Amino acid sequence: RTILNFLVNSPKDTVFLKSVDASNICKTADKIFEMIDAVVEEVGEDNVVQVVTDNAANYKAAGEILMRKRNKLYWTPCATHCLDLMLKDLEKKISVHEETIPKGKKITTFIYSRTSLISILHHHTKNKDLVRPGATRFATSYLTLGCLYENKEAFIRM
């Protein structure tokens, strides 16, 4: 399923506006533009300074269309998504990363699928949890490896 979340950010807070189930919607730049433009219209163009999306080509093109239509708005790619793409490339290009990341995921999955191991882990790490890798976020893979390394002594004691 493809769910698009629309959030509004202001100096006070970030507020969830709505979600759109886009599973059955064609994800062309024009269609994405229409959805984003409708949200800008709903919020009010004078209240919008910037639109942030992921960095896929269709979102990038939609952002460019939006900036042409509404010349006071800026589109930018999500910095986190850009970093994730860079880390994904690193994982593919550096063989030790390609080998180590799946091992870290296996260790974490193994521990969290057994309640007795979770209890032992919490005992040896003073109730700290491990960062668990997400399905689509490559940064969490590196955070998981860092967490495993930081808790190396606890694993040895286990």
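The values are calculated or read from the model by the stated rules, or taken from the named source; none is laboratory data. All values reported here derive from a predicted model rather than from experimental measurement. Counting neighbours? That spans all protein chains shown, and the Cβs are built from the backbone with ideal geometry, glycine included.
Table for the structure above
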{"read-out": "Matching residues, segment 67-122, being closer than 30 Å to Glu45 by Cα and among the β-branched types (Val, Ile, Thr)", "value": "Thr76, Thr80"}
{"read-out": "So Thr80, is it of a type outside the set (Asp, Glu) and surrounded by fewer than 16 Cβ atoms within 10 Å (Cβ to Cβ)", "value": "yes"}
{"read-out": "Criterion (more than 26 Å from Ala22 (Cβ to Cβ), aromatic (Phe, Trp, Tyr) and without any contact (Cβ under 8 Å) to a residue 40 or more places away in the chain) met by exactly one of Tyr142, Tyr112, Tyr59", "value": "Tyr112"}
{"read-out": "Residue within segment 130-138 that is closer than 24 Å to Asn9 by Cβ and among the charged types (D, E, K, R) present", "value": "yes"}
{"read-out": "Residue in segment 29-38 that is under 18 Å from Cys78 (Cα atoms) and in a loop (DSSP other than H, G, I, E, B) present", "value": "no"}
{"read-out": "Test result for Asp46, among the acidic types (Asp, Glu) and closer than 23 Å to Arg1 by Cα", "value": "no"}
{"read-out": "Whichever residue in segment 33-92 is under 19 Å from Asn9 (Cβ atoms) and among the aromatic types (Phe, Trp, Tyr) and, among such residues, is farthest from the chain's Cα centre (by Cα)", "value": "Tyr74"}
{"read-out": "Filter result for the condition that a residue is surrounded by 14 or more Cβ atoms within 10 Å (Cβ to Cβ), touching a His at 6+ places or on another chain (Cβ under 9 Å) and either hydrophobic (A, V, I, L, M, F, W, C) or not assigned by TED's automatic domain parsing to the domain that holds Thr144 (or both), over Asp54, Asp37", "value": "Asp54"}
{"read-out": "Test: residue in segment 70-77 that is in a loop (DSSP other than H, G, I, E, B) and surrounded by fewer than 12 Cβ atoms within 10 Å (Cβ to Cβ)", "value": "yes"}
{"read-out": "Filter result for Lys106 (of a type outside the set (Ser, Thr, Tyr), more than 30 Å from Pro11 (Cα to Cα) and in a loop (DSSP other than H, G, I, E, B))", "value": "no"}
